[in-house]
1. For Ala259 and Asn188, FRET efficiency with R0 = 30 Å and r from the beta-carbon atoms, rounded to 0.05?
2. Using the Kyte-Doolittle scale, which helices in the chain average at least -0.5 and also have C-alpha atoms spread 18 Å or more along the helix axis, with helices defined as whole DSSP H runs?
3. Tell me, in nm to one decimal, what length is gained between Tyr224 and Asn143 on full extension, where the rule is 0.36 nm per residue of separation less the Cα-Cα distance?
4. Around Met93, under 10 Å between beta carbons, what's the net of Lys plus Arg minus Asp minus Glu among the other residues?
5. Run the reach check for Lys86 against lysines, Cα to Cα strictly under 19 Å, same-chain hits fewer than 8 apart removed. What comes back?
6. Using only DSSP helix segments of four residues or longer, with each worth -39500 (n - 2.57), what per-residue ellipticity at 222 nm results for the chain after dividing by its residue count and rounding to 500?
7. Determine the dipole magnitude for the chain: charges of +1 sit on the beta-carbon of Lys and Arg, -1 on that of Asp and Glu, nothing else is charged, the reference point is the Cα centre, and the result goes in debye to the nearest 20.
8. Students often forget the sequence filter, so: which lysines lie under 29 Å Cα-Cα from Lys260 once same-chain residues fewer than 8 apart are removed?
Amino acid sequence: MSNQKLLVVGTMAFDEIITPSETSGKVLGGAATYIGLAAAYAQAETGIVSVVGNDFTEEHLQLLRDRNIDLSGVEQVADQPSFYWKGKYHSNMNSRDTLDTQLNVLANFSPKVPTYFKDARVVMLGNLDPNVQQQVLDQLTPNPQRVVLLDTMNFWMDSQLEALLRVIKQVDVITINDEEAIQLSGKNNLVMAAKAIHAMGPSFVIIKKGEHGALLFHSEGPFYAPALPLDQVIDPTGAGDSFAGGLSGYLTKQNAVTAKEIKQGILYGTAAASICVGGMGTKGLEKADGQVFAHQLQKLEQLRTIV
Ligand code: AMP
């Protein structure tokens, strides 16, 4: 069996989130933060590569270390603030506007993958500049059993499309939301969009549809995983990253990765996302332990079973 190491690259950030009922103030966020917290449910051996600024405190870092996440690949820059994102949700919470994105420390970031994680079995390229994602891929040592996953968003399609397409060519699994799949592919139907993205490189194309679940497209036909119906969504920020974290964490613990493991991993991702949206920022994931996660997985099974 190959190693069970999960290498994550992505933003570590401060976010300000405005929902119809609450304004968060500056809170911990970032794609890699959510991915790491969600992957911890699978007890994957996770290492993050990222950059933070002088506003990141020891307390924020300790929160991740407490979940056995290795931060030796996280650089701290002394004279600049961390990546910052501000978003406002519409009244139905299904869509949001980005009000501000400040790259700050990310603008001149050159990632350094710790030697220990260079042979990682699973590499999760979280949402971040595709040039940085590429630099991470370039530092890896070969592992024939490696699985590379990618999550991205419209910001990078708008600003770094060429670099993004180059990275997409090298990944096995892409997770992308429905609107972004349409933007990336230029098609206006999800099945056609998935086919077009599949042709760009990834064997597995996962299209996230928010509260309507996720669709997997691969050579054996589509698979659908509903999201858990929830009576309360506090804040959807990070749901996509938590999905990626749950999925990649699960895959890291498997001996082989075929369509079967990807499908089960999608359930892990769905369970992690359902926990994430139950609190403001990272609070949902911070509060829920492994037992809560197992309970969410069980509820997902029930949702899909006829008795
Ligand atoms: P999600 O709701 O899953 O799309 O993830 C939201 C998280 O992504 C927030 O914590 C942000 O800090 C982070 N984020 C927002 N915009 C970007 C971006 N352009 N690149 C990387 N991360 C981002």
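1. On the way: r = 27 Å, r/R0 = 0.89.
Using R0 = 30 Å, I get an efficiency of 0.65.
2. Values: long enough: 239-252 (20 Å, 0.38); 259-276 (25 Å, 0.48); 290-303 (20 Å, -0.34).
Both cut-offs are met by 239-252, 259-276, 290-303.
3. Values: separation 81, 0.36 × 81 = 29.16 nm, distance 3.02 nm.
Stretched out fully, the Tyr224 to Asn143 stretch lengthens by 26.1 nm.
4. Values: positive: Arg96; negative: Glu211, Asp235.
Net charge around Met93: -1.
5. The reachable lysines, counting only those whose Cα sits under 19 Å from Lys86, are Lys26, Lys283.
6. On the way: 11 runs with 111 residues, N = 307.
Helix-only estimate at 222 nm: -10500 deg cm²/dmol.
7. Working: 24 positive and 32 negative charges, 188 e Å.
Computed about the Cα centre, the dipole is about 900 debye.
8. List returned: Lys5, Lys118, Lys169, Lys187, Lys195, Lys208, Lys209, Lys299.
The values are calculated or read from the model by the stated rules, or taken from the named source; none is laboratory data. Everything quoted here is computed from the prediction, not taken from an experiment. FYI the Cβ positions are ideal-geometry reconstructions off the backbone, even for glycines, and counts take in every protein chain you see. Accessible surface is based on the protein model in full, side chains and every heavy atom, while ligands, DNA and RNA are left aside. Shrake-Rupley method; radii C 1.70, N 1.55, O 1.52, S 1.80 Å.
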